[in-house]
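Report on the following structure.
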Amino acid sequence: MKAVPAAGRIPRRGLLCGLAALVALGMLLATCTAVRHSRGTAGPAPTGPPSTSPAGTIHLDLRRYYTQDMRWRPCPDRSFQCTSLTVPRDYAHPRAGDISLAVIRRPATGRGAERIGALHVNPGGPGISAIDDLRAYADTYSPSLRAAYDLVAVDPRGVGHSTPVDCGAARPRTAATRGTHPPDRAAVIDTWAAYHAEVAADCARTAGGLLPHVGTLDAARDLDVVRAALDDEKLHFLGFSYGTYLGATYAELFPSRVGRMVLDGAVDPGMDGYHAYLNQARGYQTAWESFAADCARREHCPVGHSVKEAGRTLDTWVAALDRASVRRGEDDHLDGEALLGAVVTALRAPDWETLRGVLAGVRDGDLAALRKVVGSEDAAATGDASMTAVNCLSSALEARSTPGQTLAALPEFLRASPQFGAFYNEDLSTCAHWPARPTQVARRVSARGAGPILVIGTTRDPATPYDQARALADQLSSGRLLTWDGDGHTAYQRGSRCVDTAVDDYLLRGLLPPTGAVCR
């Protein structure tokens, strides 16, 4: 997927979000025997048909992972505690080798009955370090929440401080992959497909043994190991963006172990990868038009005074930057795609003031503001390999289209999103050559037997459009939808007191918002 981290570390809620499916091809687990011991409930308890994955039959003896001691030590930032846990690389063959999970926590400030347990926080991605995110943002949670919960972050397998996916140095884009609106779209699509094939080959050489085992299904199983090691009977979870997919996966696998779970910026688990890209293009079009309508009401709007004029203006600038970039040479990345990436970043934040400044600079021929945003994106885009590795294990997170299929889909993408359709269409081939086959398919989930799950959707969320939150809340047997009538990606801690109060009331007291609640 497009890796366009927001400027200023705004996207604590993930990159562009994995778009979702739950449940493995072989599905769930073989009938398992729960192992009871002093650290919560151990072992996979859900039942289902035997695994039909290439890895073979699921092994039941995971006791040594579930009975690990959490040996906390002070982190360099001494307000946190650090540790690591061992998990099987392959849950189907636990004796075939282990990998390491990095874990941190900020201990609760409360005492006695005030404390509830551990709250696992995942900012999304995939490919974002949950540990780095918690270190940056732990103090932004309300004092009451920090008093009641140990704030816990686990870097998922393949990501950050856990055993990482290492595909070597990132490949630079060639001149032919830059530019989103050149005359020959077929040539650009072919070049992007070749680029994705080269990246896949790099990863196969350097990380091939790990690649089949970094999917969300395994990451959810890892969360249950961490839950048991923390001596918690239930998993309390706050997930944003792709983190909603991880949380919903856990709930589907372990419904009886779900505690208080909040899924913000939610993903539809029943949507396949093709339609996920299409839906995201449509979401950014909606967000752009919301920005453009607001801008048109301002005296000095750089893109004109109507939504239609703003779209035409953006298209003109994208094409002009593409032509200028070719003249300047391969080392200059200020092309049309860079401008669209900056727009995407600002729409997701949302940071309309910065966006107006970038667009005003482009209008005036001063690309300094755009260059600054592009530089911050390049510096932040460190999770691309792990993001691709996780996404490619789900046929719903990524598509595997051939160049011909990608080109044939372009008209539908442009109808859905005149400004962003080509931008997202060209990534349909991302996983076409990935060396590890998908282990998950698009499928509705219910998590039957789980406690209440609060799902939050923002009406003009570009990265995970609002209809996905409605879909997930409808599918979950215990889902409750909270709507924020707003802009940007995710809602909690975005400036809505209504949303923040509703989330804290649920996490602290188990009180759900009324059915149909809308925050404005």
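Among the residues of the stretch 81-138, those that are touching a helix residue (DSSP H, G or I) at 6+ places or on another chain (Cβ under 9 Å), without any contact (Cβ under 8 Å) to a residue 40 or more places away in the chain and acidic (Asp, Glu) comprise 98, 114. From the list 97, 124, the one residue that fits, being of a type in the set (Gly, Ala, Ser) and touching a Cys at 6+ places or on another chain (Cβ under 8 Å), is 124. Within the stretch 249-266, the only residue that satisfies the criterion of being over 14 Å from residue 223 (Cβ atoms), charged (D, E, K, R) and open to solvent by 10 Å² or more (accessible area, probe 1.4 Å) is 260. Residue 426 meets the conditions (1) over 19 Å from residue 245 (Cα atoms); (2) in contact (Cβ under 8 Å) with a residue 24 or more places away in the chain; (3) open to solvent by 10 Å² or more (accessible area, probe 1.4 Å); (4) charged (D, E, K, R) in every case but one. The failed one is (3).
What do you reckon, is residue 442 over 18 Å from the mean Cα position of the chain (by Cα), crowded, with 19+ Cβ neighbours inside 10 Å and either at pLDDT 95 or above or within 30 Å of residue 406 (Cβ to Cβ) (or both)? Judged against the criteria, residue 442 is not a match. Scanning the stretch 220-235 for any residue that is in contact (Cβ under 8 Å) with a residue 60 or more places away in the chain, in contact with a Gly (Cβ under 9 Å, 6 or more places away or on another chain) and of a type in the set (Val, Ile, Thr) turns up nothing.
Here are 97, 125: which of them is more than 24 Å from the chain's Cα centre (by Cα) and either at positive phi or open to solvent by less than 10 Å² (accessible area, probe 1.4 Å) (or both)? Result of the check over 97, 125: 97. Of all residues in the stretch 210-248, exactly one satisfies the criterion of being within 22 Å of residue 385 (Cβ to Cβ), charged (D, E, K, R) and open to solvent by less than 10 Å² (accessible area, probe 1.4 Å), namely 222.
Could you tell me whether residue 417 is of a type in the set (S, T, N, Q), out of contact with any Cys (no Cβ under 8 Å at 6 or more places or on another chain), more than 23 Å from residue 459 (Cα to Cα) and open to solvent by less than 10 Å² (accessible area, probe 1.4 Å)? Criteria not met by residue 417. Quick check on residue 71: is it out of contact with any helix residue (DSSP H, G or I) (no Cβ under 9 Å at 6 or more places or on another chain), open to solvent by 20 Å² or more (accessible area, probe 1.4 Å), assigned to a loop (DSSP other than H, G, I, E, B) and more than 14 Å from residue 163 (Cα to Cα)? Yes, satisfied. Determine, yes or no, whether residue 493 is more than 17 Å from residue 279 (Cβ to Cβ), under 20 Å from the mean Cα position of the chain (by Cα), of a type outside the set (D, E, K, R) and at pLDDT below 95. The answer is no for residue 493. Within the stretch 503-520, if we keep just the residues that are in contact with a Ser or Thr (Cβ under 9 Å, 6 or more places away or on another chain) and small (Gly, Ala, Ser), the residue that is least open to solvent (accessible area, probe 1.4 Å) turns out to be 517. May I ask you to list the residues in the stretch 477-495 that are open to solvent by 10 Å² or more (accessible area, probe 1.4 Å) and part of a loop (DSSP other than H, G, I, E, B)? If the condition is that a residue be open to solvent by 10 Å² or more (accessible area, probe 1.4 Å) and part of a loop (DSSP other than H, G, I, E, B), then 477, 478, 493, 494, 495 are the ones that fit.
Residues are listed down the side, and each one gets a yes or a no for (1) surrounded by 15 or more Cβ atoms within 10 Å (Cβ to Cβ); (2) in contact (Cβ under 8 Å) with a residue 40 or more places away in the chain; (3) over 30 Å from residue 266 (Cβ atoms):
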{"residue": "288", "(1), (2), (3)": "yes, yes, no"}
{"residue": "291", "(1), (2), (3)": "yes, yes, no"}
{"residue": "297", "(1), (2), (3)": "no, no, yes"}
{"residue": "302", "(1), (2), (3)": "yes, yes, yes"}
{"residue": "307", "(1), (2), (3)": "yes, no, no"}
{"residue": "321", "(1), (2), (3)": "yes, yes, yes"}
{"residue": "325", "(1), (2), (3)": "yes, yes, yes"}
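Of 147, 102, 108, which residue is open to solvent by less than 20 Å² (accessible area, probe 1.4 Å), farther than 22 Å from residue 248 by Cβ, within 26 Å of the chain's Cα centre (by Cα) and modelled with pLDDT of 95 or more? Sole residue among the options that is open to solvent by less than 20 Å² (accessible area, probe 1.4 Å), farther than 22 Å from residue 248 by Cβ, within 26 Å of the chain's Cα centre (by Cα) and modelled with pLDDT of 95 or more: 102.
The values are calculated or read from the model by the stated rules, or taken from the named source; none is laboratory data. Keep in mind that this is a model prediction, so the values were computed, not measured. Every residue, glycine as well, gets a Cβ built from its backbone with ideal geometry; the counts of neighbours run over all protein chains shown. Please note that ligands, DNA and RNA were not included when accessible areas were found on the heavy atoms of the full protein model with its side chains. Shrake-Rupley method; radii C 1.70, N 1.55, O 1.52, S 1.80 Å.
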